[in-house]
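The values are calculated or read from the model by the stated rules, or taken from the named source; none is laboratory data. Remember, it's a predicted structure, so these values are computed and weren't measured experimentally. Counting neighbours? That spans all protein chains shown, and the Cβs are built from the backbone with ideal geometry, glycine included. Remember, those area values only see protein heavy atoms, side chains included, never the ligands or the DNA or RNA. Shrake-Rupley method; radii C 1.70, N 1.55, O 1.52, S 1.80 Å.
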Amino acid sequence: MRYEMRFSGSGGQGVILASVIVAEAAVAAGLQTVQSQAYGPEARGGMCRAETILSRERIWYSKVVRPSFLLALTQQALDKYARELEEGAVVMIDSGLTIPEGLDEDQVLSLPILATARDEVGKLMTANIVAVGAVNKALGLFDEEALHEGVRRHIPVGTEELNWKALEAGARLVSDAQAAKFRRTL
Amino acid sequence: MPEKKAVLMQGNEACVEGAIAAGMRFYAGYPITPSTEIAEQCAVRLPQVGGKFIQMEDELGSMAAVLGASVTGVKAMTATSGPGFSLKQENIGYGCLAEIPCVVVDVQRTGPSTGLPTSPAQGDYMQARWGTHGDHPVIALSPSSVQETYTLIIRAFNLSEKYRTPVIFLMDEIVGHMREGVVLPSPAELIINKRHISYRDGANKQCYFVPEGAYVPAMKPFGQGERYNITGLAHDVSGFPTGSNAVAGDLFTRLMEKIDHNLDDIVRVEEFMLDDADTAVVCFGGTARAAMSAVLEARAAGMKVGMFRPITVWPFPAAQLRARLAGLKRVLMVEHNYGQMLLEVQRVAAEKLPVGFLGRIDGTVISPADILKKLREMEA
């Protein structure tokens, strides 16, 4: 089965890297994956989206058609991409955002991703790693070994501890009940 | 033997790793989206393997540096996107005439001029053939996956060395910026063409001397052994300019024939579910991903559709397509431009059967659903 994930936010928030890390963990876990992104010419600011497709079989078309998972870290991205979802899609948003009309609250995981990165981990720039930890806990995608492998390949040497802390803080944002509800099997 | 593990790699990254495996040891470029990762990765990787990376002042200088490095005996590459590809054309022509092997990567983006820098397109297809002036030989290859980018760039270097000509590696943003799991072949599995070098110290010292029955002169590394001349003017076997129409005519003809008389060696296509098909979707590069998906969906709906994909996009695989026409009722060309390869397909097929077209020039990607819709319209 093809599982389509979209990560969205503002350029500089690291949503592309979050999507790459999920793809990297997928390779470590022996899955097929295609990762891609779309962004404007600016390096910072501007709407940014990245996509990861996971499957146990060969992936033909390389772009997301209707995602079953959406991460949104800005209101602009949420309002835009909430309209392009597969039925029953899981939507993870930062708790500072307002759930737009038409989106069922039941499918939304509203989590203090940015605040946790800033206050608990101590660095706002780890928000994308916090998000990856939360995504993995909620969807139950990878074991710890594959997830850590995915992260390790994309962080500077010496920042491992900070990033493990961010992953764990992210995972703690999702309750076991929520994880049971949103779990996906590929 | 243990099964090899896949690694996650971006198309642009696979281009660099494949090129290094092919023996590329010199890169000169001027970074431009969506090819920038190629320059970045070359800057990191080339010093590790004893190679040289130079960021030049512009695209013109980059192309000149690549030609200069290559004549000294080093396999050389540059990468760019549309705006830079335009600037490189003058020196690409010089490489064609002076017969200097090199690989020019063009990761295509949308629009004329600076257009849409981060969006995919395939609008440089005709430019790859006719971007530089005068009748000249061209080989252009186009990959459709990250895995194929790795193996096909090696082939680009092999053909470039074998035929002593610049080879255009025509990527697009779809493949360049996509990450996929790649299983890297071991060096023993790769076929790498070494340069055919001759120091010409024997009886025949002429640097452009071509033996009877051959099309390509052996190459003498510049700066080693006896001095010789390289020019963009028509030249005789000594490398010096000639005013003789007969000599110039022979040279220009040989340059074309060295490609035209070796099409079997140069041209490669992928045929997907075509054997019992009545409809062929023709496409190249990253567009193939939507096309293969559409073919599978069409098959599931009972339609007999297959895909014909030129891997060698220049010379266009006319004979291979012609050989497929007998069983077909219609052809659909799908490409991210206003209709460029379409002209080649029409040249081959239009008198025999209907040729439909699906193009896109707004910077978005053609989806399997778009292709399926067009296929249904054509069948109705």
Requested in this report: Test each condition in (1) more than 14 Å from every other protein chain (Cβ to nearest Cβ); (2) out of contact with any helix residue (DSSP H, G or I) (no Cβ under 8 Å at 6 or more places or on another chain) for B:Leu296 and report the one that comes out false.
Outcome: (1)
Requested in this report: State all residues of segment B:129-174 that are under 14 Å from B:Val104 (Cα atoms) and either of a type in the set (Lys, Arg) or not assigned by TED's automatic domain parsing to the domain that holds B:Ser119 (or both); if no residue qualifies, say none.
Outcome: B:Arg129, B:Arg155, B:Arg164
Query raised in the report: Does B:Lys194 count as under 21 Å from the mean Cα position of the chain (by Cα) and in a loop (DSSP other than H, G, I, E, B)?
Result: yes
**Report entry** In segment B:276-290, the residues that are in a loop (DSSP other than H, G, I, E, B), open to solvent by less than 10 Å² (accessible area, probe 1.4 Å) and more than 14 Å from chain A (Cβ to nearest Cβ)
**Finding:** B:Ala277, B:Phe284
Query raised in the report: What tally of residues in segment B:144-190 results from selecting those that are touching a Pro at 6+ places or on another chain (Cβ under 6 Å), of a type in the set (Ser, Thr, Tyr) and more than 14 Å from chain A (Cβ to nearest Cβ)?
Result: 2
Query raised in the report: For segment A:27-47, how many residues meet the condition of being touching a helix residue (DSSP H, G or I) at 6+ places or on another chain (Cβ under 9 Å), outside any loop (DSSP other than H, G, I, E, B) and either facing chain B (nearest Cβ under 10 Å) or modelled with pLDDT of 95 or more (or both)?
Result: 9
Query raised in the report: Say we look at segment A:49-62 and pick out the residues that are within 20 Å of B:Asn12 (Cα to Cα) and more than 9 Å from chain B (Cβ to nearest Cβ); which of these is most open to solvent (accessible area, probe 1.4 Å)?
Result: A:Arg49
Report task. From B:Ser62, B:Ser70, grab the single residue that is closer than 26 Å to B:Gln10 by Cα, modelled with pLDDT of 95 or more and open to solvent by less than 10 Å² (accessible area, probe 1.4 Å). Result -> B:Ser62
Query raised in the report: Given the residues A:Ser19, A:Ser10, which is the only one that is over 18 Å from A:Asn136 (Cα atoms), in contact with a Ser or Thr (Cβ under 6 Å, 6 or more places away or on another chain) and polar (S, T, N, Q)?
Result: A:Ser10
Query raised in the report: Any chance segment B:205-214 includes a residue that's open to solvent by 10 Å² or more (accessible area, probe 1.4 Å), touching a Lys or Arg at 6+ places or on another chain (Cβ under 6 Å) and assigned to a loop (DSSP other than H, G, I, E, B)?
Result: no
Query raised in the report: Of A:Val22, A:Val15, A:Val65, which residue is in contact (Cβ under 8 Å) with a residue 60 or more places away in the chain, among the β-branched types (Val, Ile, Thr), under 23 Å from B:Thr110 (Cβ atoms) and more than 10 Å from every other protein chain (Cβ to nearest Cβ)?
Result: A:Val15
Query raised in the report: Can B:Asp106 be described as surrounded by fewer than 18 Cβ atoms within 10 Å (Cβ to Cβ), away from chain A (no Cβ under 14 Å) and in contact (Cβ under 8 Å) with a residue 60 or more places away in the chain?
Result: no
Query - Of the criteria (1) open to solvent by less than 20 Å² (accessible area, probe 1.4 Å); (2) in contact (Cβ under 8 Å) with a residue 40 or more places away in the chain; (3) more than 10 Å from chain B (Cβ to nearest Cβ), which one A:Gln76 fails - result: (1)
Query raised in the report: Among the residues of segment B:333-371 satisfying the criterion of being assigned to a helix (DSSP H, G or I) and surrounded by fewer than 20 Cβ atoms within 10 Å (Cβ to Cβ), which is farthest from the other protein chains (Cβ to nearest Cβ)?
Result: B:Arg347
Query raised in the report: What tally of residues in segment A:87-107 results from selecting those that are open to solvent by 20 Å² or more (accessible area, probe 1.4 Å) and either hydrophobic (A, V, I, L, M, F, W, C) or within 14 Å of chain B (Cβ to nearest Cβ) (or both)?
Result: 3
